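The structure under discussion appears below in the form of structure tokens.
The values are calculated or read from the model by the stated rules, or taken from the named source; none is laboratory data. Remember, it's a predicted structure, so these values are computed and weren't measured experimentally. We place every Cβ from the backbone using ideal geometry, glycine too, and count neighbours over all the protein chains shown.
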Amino acid sequence: MKSSTKTNVKNGLPPAVDLKLLNIVLLLIGFVGLFSSNPLESAFAIFQLFVLLKSYWRQNLPPVVLLLFLVPWLEINAAILEANLIGETLNEMLHGSGTRAYWISSLGFMAVHLGFYRIFKKVRVPSFERLTSAAEALSFNKLIIAYLAIGPLTGIVAGFIGRGSGLYQFVTYLNEISLAILIVICLRQVILGQINRTFVAFLAAVLVVSFYSFFSEWRLLLFALFIAFGTLQVITTRTVMRVLVIGVIFGNVIFLWQGIKPLYRAYLTGQNSLTGGLISQSVNRSQSEALGKFFELTQQFYAGELEGATREDNIEINSEELLYSTLRRVGYLEFMALTLNNVPDRIPHEEGKLLKSNLSFALIPRILNPNKGVKDDGAKVEKYTQFVVSENSSFSLGHYVEYFIDFGSYWMMIALFIFGWIGGRIYRLCYSRSPDTNPLFLCGILYITLFQWGSYQNDAIWIYGLTFFGAICHLFLFRPIYSLIVNFTTNQ
């Protein structure tokens, strides 16, 4: 990694990362896609990826924004890979309307990009020299102490507030500080070239502990590593090797998680069987018990001996079926396709009623409106898609689908452009609010403020609420906490 890079004099934005051979790879993949079951969609997906890389992957700038866009890109385009692998068109795979669902979603995604990029390109970002000096100023050991301290601190605050309080949601935002510190740790070590045994051992410990969760918390470590190792000027052989190593590790984690997830989740809830589905999403096991069971299931998974791994328990043990189920879970076009079959033929467009209701529910705290009811994603899914959702499932329509329900395929593009523009404004606010903050911490704060915003599948209420109140907490209310952390972790 070079220590400096040229800067665009007009707006302070560094040049794009030199992709070198990756340009040829993308061109070849796009060309091969023209001979697939979905030729135009495959080629356009690669074109989109190229646009994202050239727009948001900037030399020696942590690729936080690129990550925010790659997640929804993957959620939209994973269905193309699945359809091509099984040799079907998107229409054949997704209820006769998959192709239209793709183009509506994909063009909407580009609208978000256009709204965000017009602000992104004007924001002045820290130079690599400043990032390096900021990394040198931080103590690795003290950063780890700060990372480990957030959990107990959150527990104390949670006990003080009480789970029944309308303010309890702020405990979630407080706990997100640990992710910001994790990003800072990874950035520091990579920028300074200190990929030593202590750092690797720390990452391994974080990965193991992340499995004590009902959801895929291990993804957060992957995102932190992406931001850190993506801070480069040009793609080199060393970069490619690192990507391959990390890809192999987390590729195995993804398949492992998909394979053992139903049994492991059932164990976490205290169930002895998956018959009748999961009874809740709460963890009722201790950390040692849960991790012990996780490693037991891991051993059985790789040995092909999962106890209870039957069709009745919905455990996919066939590698091909596991691949398809993983792609279907990552991709999220199905609800858009199902909605297109119902709206507006059976159900008329809501003409903004959903947006108004979502904003009201998300932005007015329960402490001010105790009668606003309970968020029910499943009911909304069933109404517009005719897809029956089990009681304890976590499916949601996705906010793109909700914009379509409200405004139709044309006017939703305006809504998504505004959505992208708002994200850009928050991005600029992150830099303007903390000009003197250690820039490595700025990267962490930026990501945890906008990571809910960067999604295709999350529903509108979730995105509006968590992004709005998250911005208030991380950019305003928690500034004294971040100041304490920065002062503590800075070498005297």
Matching option when the condition is among the small types (G, A, S) and surrounded by fewer than 22 Cβ atoms within 10 Å (Cβ to Cβ), among G420, G408, G444: G408
Which one of these does L85 not meet: (1) out of contact with any Phe, Trp or Tyr (no Cβ under 8 Å at 6 or more places or on another chain); (2) part of a helix (DSSP H, G or I)? (1)
Hey, any hits in region 83-90 for a residue that's in contact with a Gly (Cβ under 6 Å, 6 or more places away or on another chain) and within 23 Å of L323 (Cβ to Cβ)? yes
Which numbered condition W57 fails, given (1) in contact with a Leu (Cβ under 6 Å, 6 or more places away or on another chain); (2) over 30 Å from V234 (Cβ atoms): (2)
Exclusive hit being surrounded by fewer than 17 Cβ atoms within 10 Å (Cβ to Cβ) and out of contact with any strand residue (DSSP E or B) (no Cβ under 7 Å at 6 or more places or on another chain), set G108, G115, G151: G151
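Name the residue, out of T437, T449, that is assigned to a loop (DSSP other than H, G, I, E, B), more than 30 Å from P344 (Cα to Cα) and without any contact (Cβ under 8 Å) to a residue 60 or more places away in the chain. Working first, answer last.
Numbers: T449 fails: assigned to a loop (DSSP other than H, G, I, E, B).
Being assigned to a loop (DSSP other than H, G, I, E, B), more than 30 Å from P344 (Cα to Cα) and without any contact (Cβ under 8 Å) to a residue 60 or more places away in the chain holds for just one of T437, T449, which is T437.
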Return the total of residues in region 92-123 being assigned to a loop (DSSP other than H, G, I, E, B) and among the β-branched types (V, I, T). 1
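Can you name the residue in region 326-363 that is of a type in the set (G, A, S) and assigned to a loop (DSSP other than H, G, I, E, B) and is also nearest to D406 (Cα to Cα) among such residues?
So the residue we want is G352.
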L207 being assigned to a helix (DSSP H, G or I), more than 13 Å from the chain's Cα centre (by Cα), in the same structural domain as L268 (by TED's automatic domain parsing) and closer than 22 Å to S286 by Cα: yes
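Return yes or no: is T172 of a type in the set (S, T, N, Q), outside the structural domain of Q233 (by TED's automatic domain parsing) and under 28 Å from W462 (Cα atoms)? Let's see the steps before the verdict.
On the way: of a type in the set (S, T, N, Q): yes; outside the structural domain of Q233 (by TED's automatic domain parsing): no; under 28 Å from W462 (Cα atoms): yes.
So T172 fails the test.
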Answer with yes or no whether R188 is assigned to a helix (DSSP H, G or I), farther than 20 Å from H474 by Cβ and basic (K, R). no
Sole residue being at pLDDT below 95 and among the aliphatic types (A, V, I, L, M), chosen from L440, L475: L475
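Results for (1) at pLDDT 95 or above; (2) among the polar types (S, T, N, Q), shown as yes or no for each residue.
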site	(1), (2)
V25	no, no
L28	yes, no
L40	yes, no
Q48	yes, yes
V51	yes, no
L67	yes, no
L70	yes, no
E92	yes, no
A101	yes, no
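Would you say G247 is under 30 Å from L19 (Cα atoms), modelled with pLDDT under 90, surrounded by fewer than 14 Cβ atoms within 10 Å (Cβ to Cβ) and of a type outside the set (A, V, I, L, M, F, W, C)?
Judged against the criteria, G247 is a match.
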When region 328-371 is checked residue by residue, the ones that are in contact (Cβ under 8 Å) with a residue 12 or more places away in the chain, among the basic types (K, R) and farther than 18 Å from S396 by Cβ are R366
Cβ pairs under 6 Å, 6+ apart or interchain, first in region 274-289 and at pLDDT 70 or above, second among the hydrophobic types (A, V, I, L, M, F, W, C), ordered by first then second residue, are Q281/F214; V283/F214; V283/L268; R285/L268
When region 31-45 is examined, which residues are found to be crowded, with 20+ Cβ neighbours inside 10 Å and touching a helix residue (DSSP H, G or I) at 6+ places or on another chain (Cβ under 6 Å)? G33, N38, E41, S42, A45
Between F255, F199, F215, which is of a type in the set (F, W, Y), under 29 Å from V65 (Cβ atoms) and out of contact with any helix residue (DSSP H, G or I) (no Cβ under 8 Å at 6 or more places or on another chain)? F215
